[in-house]
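Bear in mind that the values in this text are calculations on the coordinates, not laboratory data. Source: prediction; values computed, not measured. Heads up, the Cβs are rebuilt from the backbone with ideal geometry, glycines too, and the neighbour counts pull from every protein chain shown.
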Amino acid sequence: MAREVHFDEEGVLLNLTGATGFFALKFKLKMPYSTIKSVYVDYFDAPPWMLRMPGTSLSALHIFEGSFKYADEWYFLSYESRVPLLIMELEGHDKYRYVIFQVDNPTGVASEIRKRIREAQEMGDGRSV
């Protein structure tokens, strides 16, 4: 798959490789743990009136790559079929409100992200004492 999820002490890094990055016009996206409000796995159908800014979309084939704007909120979409997707709602991110992407084992990745968020929160609480 052309998407890889990496973790470091500060957050989640989504790497897009090959044609996926080319069509998304972005090869890396960083999401600090402190900005991740929720993580879940579900189906997502992009509204047909979503504005592509910049990116690639072939809605009939369920292919969306890049930045999109809808209802005055920014979305980063990266998927090429109608399958369960990893959906992250962000709060306080530099640009995006939602990051929605296709990845192998989305349930396992979502679980790992939640675990890392808890660990980061515990470390933050420990430092403030």
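Simple point charges give the picture: +1 on the Cβ of Lys and Arg, -1 on the Cβ of Asp and Glu, and for the stretch 3-127 a dipole about the Cα centre of about 220 debye. What is the helix-to-structure angle for 106-127, meaning the angle in degrees between its Cα long axis and the longest Cα principal axis of the chain, kept from 0 to 90 and rounded to the nearest 10? Compared with the principal axis, the helix lies near 30 degrees. Extension gain, Phe22-Asp94: 0.36 nm per intervening residue step, less the Cα-Cα distance, totals 23.8 nm. In the chain, helical runs assigned H by DSSP with n ≥ 4 each contribute -39500 (n - 2.57); averaged across all residues and rounded to the nearest 500, the mean residue ellipticity at 222 nm is -7500 deg cm²/dmol.
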